[in-house]
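A.B. asks: I'd like to ask you about the structure that follows.
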Amino acid sequence: RAMANDDLGAFRDLGAGLGQAAALSVETDAFAMIIANSGLGIAYGDGQNVFHSTHANIGPTGAMSVVTLDGARATMARQKDPSGNQYLAMRPAIWLGPVELGGQAKQINSSTSDPTDAKNAGVGNRVLNMVRDVVDSPFLSAQSVTRHYLLADPGVNPAFAVGFLDGDAGLAQFTDEK
C-alpha cells in the first residue's frame, strides 16, 4: 500500500536521481575528451591531439605561477584561424584544472600582488582577474595534479559542444580550429 501511494517518495525521487545520473554521464564524457592522451585531449581531424605543439596552444611548462599563466595567456592570444592568416585574439575566461590546484588558481587570480614570487613581495600581479571563472574538477585530479587549462569564453570560442540529435546525447568536436 505504501508503494502504491508512494508514501516513501521512492518514485518521486527516482526521476531526479535519473536526471542527475544523466547529467553526470555527459560531464564524465566531456572530461574524457579533455583528459584523453595523457591530458592532451582527443585527436582532431589532423591526427594531432587538441593540445599539441603543431596547434601552438601549449603554454610554458612548470609549476603554476603568475609567470606560467601569463605565458599561457600570451600563447592563447597568438592563436590563428585554421588558414594561419588571422589572429583569433582569444583571451582566457576560464581556468580549468584539478581540485588540488583550484585554491592556488583562485589565489593567483585574485591577489593584487604576485603570490608566487616571495623574493619580490609587493610586485603587482600581472594576471590579476585574468579569468572570470576558476573551475576545479575531480575529473582532472586523477590525471595529473599539475596539468591545467585556460579556456576562452565558450560563447565566443567554443572548443567542445554537447549535442542532442533525435534524443541521442553525445559529445561532438566543433571544428578543427586551433
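A.B. asks: Could you give each residue of region 149-155 its phi-based ³J(HN,Hα) in whole Hz, using Karplus coefficients 6.51, -1.76, 1.60 with θ = phi - 60°, and x for Gly or Pro?
C.D. replies: 9, 10, 10, 6, 4, x, x
A.B. asks: Let me ask something else. Modelled label-to-label distance, SER110 and ARG78, 7 Å Cα→beta-carbon offset: nm?
C.D. replies: Label-label distance for SER110 and ARG78, simple model: 3.2 nm.
A.B. asks: Then there's this: Each label point is 7 Å from the Cα along the Cα-to-Cβ direction; what then is the distance between the points at ASN85 and SER53, in nm?
C.D. replies: 2.9
A.B. asks: Under 1.5 on a/c is rounded, so check that first for region 102-143, then, if it is not, pick prolate when a/b is larger than b/c and oblate when it is not; a ≥ b ≥ c are the square roots of the alpha carbon gyration tensor eigenvalues. Mind dumping the intermediate values first?
C.D. replies: On the way: a/c = 4.04, a/b = 1.94, b/c = 2.08.
Oblate, because a/c is 1.5 or more while a/b does not exceed b/c.
A.B. asks: Using amide H atoms built in the peptide plane, which far-off residues or other-chain residues are under 5 Å from SER113 H to H?
C.D. replies: Placed amide hydrogens put ASN125 under 5 Å from SER113.
A.B. asks: So what is the relative contact order of region 20-124, in percent, for Cα pairs below 8 Å that sit 6 or more residues apart? Don't jump to the answer; show the numbers that get you there.
C.D. replies: Values: 91 pairs, mean separation 12.8, N = 105.
Rounded, it is 12 percent for region 20-124.
A.B. asks: From the phi of every residue in region 59-69, what ³J(HN,Hα) in whole Hz does the Karplus formula 6.51 cos²θ - 1.76 cosθ + 1.60 yield, where θ is phi - 60° and glycine or proline is x?
C.D. replies: Ordered by residue, 3J(HN,Hα) equals x, x, 8, x, 4, 4, 7, 4, 5, 5, 5 Hz.
A.B. asks: Taking H as built 1.01 Å from N, whose amide H comes closer than 5 Å to the amide H of SER137, not counting residues under 5 places away?
C.D. replies: Answer set, sorted by chain and number: GLY97, VAL99.
A.B. asks: Report, by chain and number, residues whose modeled amide H sits under 5 Å from the one on ALA152, excluding near sequence neighbours (fewer than 5 apart, same chain).
C.D. replies: The list, which skips near neighbours in sequence, is ALA93.
A short reminder: the numbers here are calculations on the coordinates, not readings from a lab. The model shown is predicted, which means the values in this text are computed figures rather than measured ones. Heads up, the Cβs are rebuilt from the backbone with ideal geometry, glycines too, and the neighbour counts pull from every protein chain shown.
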